[in-house]
Amino acid sequence: MLKPKKIRDVMVDIFEFPHIPYWYTIKQAIEMIQTASTGEKNIHPPVILVFEEKYNLVGVLGEREILRGLEPKYLSPAVHAQFVQDDESALALIWDSMFDAKNKEHSNRPVSDVMLPAKHCVDVDDPLTKAAYLLVRHDLSVLPVLENKKKMVGVVRMSEILDELSKAL
């Protein structure tokens, strides 16, 4: 029987992952995500770690959060539900407004307005199953990895978990 793998065996080092301060704009984050997904390291899924002044992780930012941050503000959940129920093509027309001049203002908002707060993390010595559970349970694409429950040393992604699962199968 194989020895169960730990997070440390599959995590991505913190310095291999793109990161920005919380005050960066959505526009700056878009540029970083494009670089991360097409660059030499080709980070997938394209996610950026967001830090505060003392270099503590405060959140993560991916393509989904960026799109939500650029979504027209008048599309409240109630309005959205009404459009989807009545006519999805109308909703698509409203989303066209995302690409107008008004939306450029939204791109200057800080990423702290749209990022996912970093609420869940794993320790380097935790089993992969804990990471798999947290990723699935909380619909996350990455989890911060801590050492000694304090220092952030990396991230673990769904892709690493799936790679290990495929080897076991």
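Considering amide H positions built from the backbone, and no H for Pro or chain starts, which residues 5 or more places from G154, or on another chain, come under 5 Å of its amide H? It is I14, V145, by chain and number. Once both labels are positioned 7 Å from their Cα atoms along Cα-to-Cβ, the gap between N108 and N56 label points is 3.1 nm. Expected output is a single nm value to one decimal: the length gained when fully extending between L67 and K27, i.e. 0.36 nm times separation in residues minus the C-alpha distance. What is it? The span from L67 to K27 would gain 13.3 nm if fully extended. Among the listed pairs K104/K150; K54/K119; K119/K151, a Cα-Cα separation exceeding 26 Å is found for K104/K150. For F51, the residues whose modelled amide H falls within less than 5 Å of its own, excluding neighbours fewer than 5 places apart on the same chain, are I20, Y22, V58. Note on H120 and A168: the extension gain reaches 14.7 nm, defined as 0.36 nm multiplied by sequence separation minus the Cα-Cα distance.
Any read-out appearing in this document is the output of simple, stated calculations on the displayed coordinates, not a laboratory observation. From a predicted model like this one, the values you see are computed outputs, not experimental measurements. Every residue, glycine as well, gets a Cβ built from its backbone with ideal geometry; the counts of neighbours run over all protein chains shown.
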